[in-house]
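Student: Below you'll find the structure I mean.
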Amino acid sequence: MPSLKDLKNRIASVKATQKITKAMQMVAAAKLRRAQEAAEAARPYSQRMASVMSNIAQAVGGGDDAPRIMTGTGKDDVHLLVVCTADRGLCGGFNGQIVRLAREHARKLLAQGKTVKIMCVGKKANDLLRRDYGSHIVERFDFREVRKMSFVQAEQIAEKIFGMFDAGEFDVCTLFYSEFKSVISQIPTAQQLIPAAPAEAEESEGSAAVYDYEPDASAILADLAPRSVKVQIFRALLENVAGEMGAKMSAMDNATRNAGEMIDKLSMSYNRQRQAQITKELIEIISGAEAL
């Protein structure tokens with residue numbers, strides 16, 4: 001049985017930990033609002049970009065004029081998995097869920113005899129995948145020093161992907177990230193980037209209209225296709241930041257509550273043992289007095 005001093009030291013230690021988790025919860029809550037606003041603001045632009053791409057792609061068709069980013073190489077032998085996670089932990093199962101989805105996808109591809117290459121965006125992606133798929137990791141991005149995620153980071157990732165695609169290093173590129181729904185709900189998502197799979201055009205009053213493009217549709221599509229990939233990556237980064245803050249806020253809240261429960265149990269044990277010790281001393285005093 002631990003002594004009173006040990007229990008007292010442990011209670012003090014848990015209280016200090018509780019203060020830290022409470023502070024981290026408040027910081028995550030403050031960052032969550034800005035991150036959520038950024039993620040929600042990026043969604044309409046991303047969806048509209050996909051709609052524009054779909055309309056122009058229908059005008060171009062699947063001919064030779066379409067950019068290779070949209071049509072692909074015609075093969076699916078080599079797959080590049082871009083796994084986006086947070087750079088830091090202490091956010092519950094947020095990183096593990098994304099990596100689990102990517103790991104299952106990689107396992108299926110390898111079982112089919114495909115070649116798998118992995119690009120890790122975020123320190124935790126590399127840490128979690130290094131053990132089982134270390135030999136498949138070909139590129140790493142670490143943004144721990146970046147205070148606020150911007151389009152610059154998305155461009156860095158996209159340019160690396162384009163360079164690998166132009167060099168013929170892969171046939172299909174799939175992006176893995178977590179879509180933010182709420183503080184307690186982040187949905188791991190897999191999205192194919194190359195060959196781009198544009199969403200179906202939105203139906204509207206002018207959806208059946210015929211457009212004339214200047215310059216021609218092929219030239220516009222060649223410029224918009226890389227930009228669309230960058231936008232999708234940027235949205236994924238923003239969704240991840242919001243999801244990370246939401247998961248961290250929830251995880252630190254649970255940790256704070258667990259610390260409170262542990263303090264209550266330790267305090268009860270401390271008081272019982274202290275009471276037992278006082279009772280024992282009183283009995284010894286009374287017994288000595290009666291003996292005299």
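The values are calculated or read from the model by the stated rules, or taken from the named source; none is laboratory data. Source: prediction; values computed, not measured. As a convention, Cβ positions derive from the backbone with ideal geometry for all residues, glycine included, and neighbour counts pool all protein chains shown. Just the protein is used for accessible areas: all its heavy atoms, side chains included, with ligands, DNA and RNA removed. Shrake-Rupley method; radii C 1.70, N 1.55, O 1.52, S 1.80 Å.
Student: Taking all protein chains in place and a 1.4 Å probe, what share, in percent, of the accessible surface of segment 80-120 do carbon and sulfur account for?
Tutor: On the way: 820 of 1690 Å².
Carbon and sulfur: 48 percent of the exposed surface of segment 80-120.
Student: Next question. Take every DSSP beta bridge whose two residues both sit in the chain, then give the antiparallel share in percent to the nearest 5.
Tutor: On the way: 9 of 25 bridges.
Counting DSSP beta bridges with both partners in the chain, the antiparallel share is about 35 percent.
Student: Excluding residues fewer than 8 places away in the same chain, name every one of the lysines whose C-alpha is closer than 27 Å to that of Lys8.
Tutor: Those lysines meeting the cut-off are Lys19, Lys22, Lys265, Lys280.
Student: Show me 275-283, 259-267, 242-250 ranked by packing, highest mean number of other Cβ atoms within 10 Å first.
Tutor: Details: 275-283: 10.2, 259-267: 14.8, 242-250: 26.0.
Those peptides, ordered most packed to least, come out 242-250, 259-267, 275-283.
Student: Once both labels are modelled 7 Å past Cα along the beta-carbon direction, what's the Met268-Val152 spacing in nm?
Tutor: Here the modelled spin labels are 5.4 nm apart.
Student: Could you point to the residue in Leu129, Thr115, Ile278 farthest towards the positive end of the chain's charge dipole, with +1 and -1 charges on the Cβ of Lys/Arg and Asp/Glu respectively?
Tutor: It is Ile278.
Student: Could I ask something else about it? Please find the FRET efficiency linking Asn9 to Leu282, where r is the Cβ-Cβ separation and R0 is fixed at 30 Å, and quote it to the nearest 0.05.
Tutor: On the way: r = 26 Å, r/R0 = 0.87.
In this case the efficiency is close to 0.70.
Student: So, with +1 on the Cβ of K and R and -1 on the Cβ of D and E, and no other charges, what is the size of the charge dipole of the chain about its Cα centre, to the nearest 20 debye? List each step's numbers first, then the result.
Tutor: Values: 39 positive and 36 negative charges, 425 e Å.
Computed about the Cα centre, the dipole is about 2040 debye.
Student: So if each residue of separation counts as 0.36 nm, and I subtract the Cα-Cα distance between Arg100 and Lys160, what length gain in nm does that give? Please list the in-between numbers first.
Tutor: On the way: separation 60, 0.36 × 60 = 21.60 nm, distance 2.40 nm.
Stretched fully, the Arg100-Lys160 segment lengthens by 19.2 nm.
Student: At R0 = 41 Å, how high is the FRET efficiency between Asn258 and Ala167 if r is their beta carbon distance? Nearest 0.05 is fine.
Tutor: For R0 = 41 Å, the calculated efficiency reads 0.25.
Student: Would you work out the charge dipole size for segment 71-149 about its Cα centre, treating the Cβ of every Lys and Arg as +1 and the Cβ of every Asp and Glu as -1, and quote it to the nearest 20 debye?
Tutor: Working: 16 positive and 9 negative charges, 38 e Å.
Result for segment 71-149 is approximately 180 debye, rounded to the nearest 20.
Student: So what are segment 145-200's ellipsoid semi-axes, whole angstrom, largest first, if each one is the square root of 5 times an eigenvalue of the alpha-carbon gyration tensor?
Tutor: Values: eigenvalues 116, 64, 17 Å².
Computed over segment 145-200, the values are 24, 18, 9 Å.
Student: Right, next: Given all pairs of different Cα atoms, what value in angstroms does the Kirkwood hydrodynamic radius of the chain take? Display every interim value, and only then the final one.
Tutor: Details: mean 1/r = 0.0444 Å⁻¹.
After inverting the pairwise mean of 1/r, the radius is 22.5 Å.
Student: Something else: Using a/c under 1.5 as the rounded threshold, could you call segment 5-147 rounded, prolate or oblate? The axes a ≥ b ≥ c are square roots of the C-alpha gyration tensor eigenvalues, and prolate needs a/b larger than b/c, oblate otherwise.
Tutor: Because a/c hits 1.5 or more and a/b fails to exceed b/c, segment 5-147 counts as oblate.
Student: In this model, which of Lys123/Lys248; Lys114/Lys230; Lys75/Lys117 are farther than 21 Å apart at the alpha-carbon? Spell out each step's value before the answer.
Tutor: On the way: Lys123/Lys248 16 Å; Lys114/Lys230 26 Å; Lys75/Lys117 15 Å.
Pairs exceeding 21 Å: Lys114/Lys230.
Student: Mean separation of Cα pairs under 8 Å and 6+ residues apart, divided by the residue count of the chain: what relative contact order is that in percent?
Tutor: On the way: 395 pairs, mean separation 97.6, N = 292.
Here the relative contact order equals 33 percent.
Student: Hey, rough spin-label estimate for Ala29 and Asp223, points 7 angstrom out along Cα→Cβ, what's it come to in nanometres?
Tutor: Calculated label separation equals 4.7 nm.
Student: I'd like the trypsin sites (Lys or Arg not before Pro) in segment 132-194 restricted to DSSP loop residues with at most 11 other Cβ atoms within 10 Å, sorted by number.
Tutor: On the way: sites: Arg140, Arg144, Arg147, Lys148, Lys160, Lys181; in loops: Arg144, Arg147, Lys148.
Passing both the DSSP loop test and the Cβ count: Arg144, Arg147, Lys148.
Student: Sticking with this one: Suppose each label sits 7 Å from its Cα in the direction of the beta carbon; what would the Ala16-Gln112 distance come out to in nanometres?
Tutor: 5.3 nm
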